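Working notes, beginning with the structure itself.
Laboratory data are not the source of any read-out in this text; all were calculated from the coordinates shown. Please read these numbers as outputs of a predicted model, since none were measured by experiment. Here the Cβ positions follow ideal geometry from the backbone for every residue, glycine too, while neighbour counts run over all protein chains shown.
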Amino acid sequence: MKKAHDLVEMTIRSLVAEGALDAASALALRAQSARGLWGLPPAYVPSPSRRSAPNRPPTREEFDITAQVVSSFLPVPATHPGLTAMVGELASRASIPTPRLWILRDEVPNACAVGFVPEEAHLMVTAGLLNSGIPERQLFAVLSHEVAHITLGHTAENTALHAKALDIQMSAALTGGAVAGAGGGLGATVASVSALSDDDCVGLLGLVVGLGIAAVGGAVGAGISAQGAAAAKATLTRGLHHMEFAADARGAELSGDPQALADALAYLDRSQDAGRWSGRAVGHAAHAFIVAPGVAWSLADASTHPPCSRRIAALALLRMAREAR
């Protein structure tokens with residue numbers, strides 16, 4: 001029993017280190033309820049993702065930057081009634097305004113969402129996704145993941161990072177305040193990045209945006225130590241990975257179908273083809289799509305998505321926890 005307990009404990013901590021807080025919490029609570037199997041309950045029970053987007057109108061700066069980011073995709077307004085109905089249903093379940101829906105002309109199946117606040121959110125799906133023929137429940141699950149990003153407030157960071165890639169100027173208030181000396185501060189966190197909480201991890205993306213491309217890419221910039229640059233890159237990677245795990249968990253909750261999302265992720269992951277994307281926007285937004293598009297991220301040399309196999313494993317844990325209720 002001690003070996004089983006230690007294995008569960010190690011798995012929980014591994015999930016937390018990856019950023020899969022919801023799956024880690026589900027496993028820990030399941031182990032607690034079945035403590036007789038392990039001899040002891042897990043010593044560490046992490047909290048699931050609790051972040052939420054602010055309920056307010058966008059500022060003028062947020063509105064203008066979002067418009068520039070959206071236009072960089074060269075999208076066309078969606079007129080697909082079934083798609084519109086699905087997004088409307090998910091927005092209702094999430095208690096947010098229905099995001100504006102767009103179609104990207106690319107034939108690679110994928111989707112993303114942008115916008116600083118839910119009142120000015122935009123959800124985009126590629127023509128390739130609509131024409132893919134995937135089951136409706138999987139399409140609904142993909143949309144639920146994107147609506148989850150909006151309701152969790154992740155699209156604010158994603159939009160700011162895209163704007164940074166486009167060289168759009170942003171105020172300090174928008175990117176998280178003054179970052180003087182942030183290199184040293186982030187350097188001090190290099191050994192404890194894996195212990196960051198939900199809000200801390202994602203909130204630090206604002207600092208990373210302010211630090212600049214050289215720091216995130218690993219180069220030593222003005223006033224940024226090598227340790228600070230490494231910490232910024234590690235923080236950015238884990239923050240982006242955490243957002244995907246959290247949106248998977250929240251999206252599965254919204255759709256009520258974790259398996260459909262797992263199946264959709266598997267299909268989308270094997271369907272990416274760098275040669276079939278058009279325009280530069282995909283490189284600027286590589287971090288924002290539901291799966292990595294196979295095109296290098298133009299902003300930084302950092303991992304934008306956790307491996308789909310890990311996301312599917314996390315969803316399996318959430319599905320088992322759901323079925324055990």
**Q.** Ordering of 261-273, 241-253 by packing [mean C-beta count within 10 Å, highest first]
**A.** 241-253, 261-273
(Q) Let me make sure I get this right: for the range 54-111, a, b and c are the square roots of the gyration tensor eigenvalues over alpha carbons, sorted descending. Under 1.5 in a/c it's rounded, otherwise prolate if a/b > b/c, else oblate. Which is it? (A) oblate
Q: May I ask you to order 153-166, 131-144 by the average number of other C-beta atoms within 10 Å around their residues, highest value first?
A: 153-166, 131-144
**Q.** Distance between the range 242-315 and the range 140-156 - C-alpha centres, whole angstrom
**A.** 12
**Q.** Amide H contacts under 5 Å for Gly294, placed H, 5+ residues apart
**A.** none
Q) Quick one: net charge of Glu62's neighbours, Cβ under 11 Å, K/R +1, D/E -1? A) -2
**Q.** DSSP bridge pairs, the range 87-162: antiparallel proportion in percent, nearest 5
**A.** 45
Q. Around Ala300, what is the net charge, scoring Lys/Arg as +1 and Asp/Glu as -1 over all other residues with Cβ under 10 Å from its Cβ?
A. +1
Q: Give, as a single signed number, the net charge of other residues whose beta carbon lies under 10 Å from the beta carbon of Arg276, with Lys and Arg counted +1 and Asp and Glu -1.
A: -3
